[in-house]
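Have a look at the structure below before the remarks.
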Amino acid sequence: MTEELNRKIRKTLQEKGRCVISIDGRCASGKSTLGERLKVEWNGNLFHMDDFFLRPEQRTPERYQTPGENVDHERFLEEVLIPLSEKRDFSYVPFDCNVMKLSEQPVSVRDHPVTIIEGSYSQRDDLRKYYDINAAIDIDPQLQLERLAKRNPQKLQMFIDRWIPLEEMYFQTYHIYERADIILHAGRD
């Protein structure tokens, strides 16, 4: 699944000396797994959009009605993408889903030629200009439900009723799959 993506990374590194890859796609499609694999293969930095979930005070009905607004893209831009574009070391504060607030411990990041950003909502228009490669992972809807049920059966209905429709609205609004540099397809484990 990663052979073509690795070729694109190599080519970008040869041309530019650095490469920032975004991996977007449907929940349970394998974005995190692919991000971890690329991090190891390229010894690069990896950022998770899950670290930029909205804080409770940001979770308004108005925000959720707007496609792609259910992550703190403003903070991600300021704390991660701008420093990356300036090729400097930096730190950011991840959101901790267990306690529903920003972590007490910032994460320090050293500049590296390869950076991977994985997660839904990573390819909003205001973020995508910072990436060299925009990858999207697609998944069969039935396989998606099977993976979500296996991952967390108690939250399956919440994904069906809330998170999948929000993602689909985002994918359609921002044309994520149509604009991807490469589309990968999730397969059975």
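Computed over the range 3-185, the alpha-carbon pair-distance distribution with 5 angstrom bins reads 1, 8, 16, 21, 21, 17, 10, 4, 1, 0, each value a whole percent. In the range 78-189, a dipole from Cβ-located charges (positive for Lys and Arg, negative for Asp and Glu) runs towards its positive end, and of Ser122, Ile160, Gln172 it is Ile160 whose Cα lies farthest in that direction. Within straight-line reach of Lys155, meaning a Cα separation under 15 Å, sit the following aspartates and glutamates at least 8 residues removed in sequence or on another chain: Glu146. Among Lys31/Lys129; Lys101/Lys150; Lys39/Lys150, which pairs are too far apart, with a Cα-Cα distance over 22 Å? Long pairs (Cα-Cα over 22 Å): Lys101/Lys150; Lys39/Lys150. Label positions at Asn6 and Tyr64, each projected 7 Å from the Cα along the C-beta direction, are separated by 4.2 nm.
Would you mind pulling out the separation of the Cα centroids of the range 114-189 and the range 1-61, in Å? Each part reduced to its Cα centre gives a spacing of 12 Å.
On the basis of the beta-carbon distance and an R0 of 30 Å, Lys16 and Met169 show a calculated FRET efficiency of 0.35.
Considering only the chain, what is the antiparallel percent among its DSSP beta bridges, to the nearest 5? The answer is about 25 percent antiparallel.
Rounded to the nearest 0.05, the FRET efficiency derived from the C-beta distance between Lys129 and Asn152 at R0 = 45 Å is 0.85. Listed by chain and number, the aspartates and glutamates whose alpha-carbon sits under 13 Å from that of Lys8, ignoring those within fewer than 8 places in the same chain, are Asp132, Asp181. Taken about its Cα centre, the range 3-185 carries a charge dipole of roughly 360 debye when the Cβ of each Lys and Arg holds +1 and the Cβ of each Asp and Glu holds -1.
Where a number appears in this text, it was derived from the coordinates with a stated rule and is not lab data. Note that the structure is predicted; figures quoted are calculated from it, not measured. For neighbour counting, all protein chains shown are included, and Cβ atoms are generated from backbone atoms with ideal geometry for every residue, glycine included.
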